[in-house]
1. Having 2 or more residues that are open to solvent by 40 Å² or more (accessible area, probe 1.4 Å) and modelled with pLDDT of 95 or more is the bar; report the strands (runs of 3 or more DSSP E) wholly within the chain that clear it.
2. Just give me the residues in segment 53-69 being more than 9 Å from the chain's Cα centre (by Cα) and more than 13 Å from residue 21 (Cβ to Cβ), in sequence order.
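The values are calculated or read from the model by the stated rules, or taken from the named source; none is laboratory data. Keep in mind that what you see is a predicted model, and the values were worked out from it rather than measured. When we count neighbours, we look across all protein chains shown, and the Cβ atoms used for this are built from the backbone with ideal geometry, even at glycine. Accessible surface is based on the protein model in full, side chains and every heavy atom, while ligands, DNA and RNA are left aside. Shrake-Rupley method; radii C 1.70, N 1.55, O 1.52, S 1.80 Å.
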Amino acid sequence: ANKGIVQQTINNLENYYTVNPGSIVMKKDDNQYSSVEFNSTTRGALQKKETVNKVVGIVYSKSGVPRLKLSNHFYISAKKNIVGKK
């Protein structure tokens, strides 16, 4: 495969949303981030459990971890134990 057009992903991909779920509900409190690279510098507001968010796309971090891009232009984890399809 051409490395310029292929994204390497993590091994446990089945634990993440890899297709846009449309809308999600937070299963537990978690922060949103201003970048797909989650760290203390990019950490934003806390999304509380039961909060509903519109997802506009799925993007991947440099290390191949899927992230959900929200309609507010922030990113949140795509882990199925943190967010659920609404």
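1. In the chain, the matching strands (runs of 3 or more DSSP E) lie at 43-47, 52-60.
2. Result: 61, 62, 63, 64.
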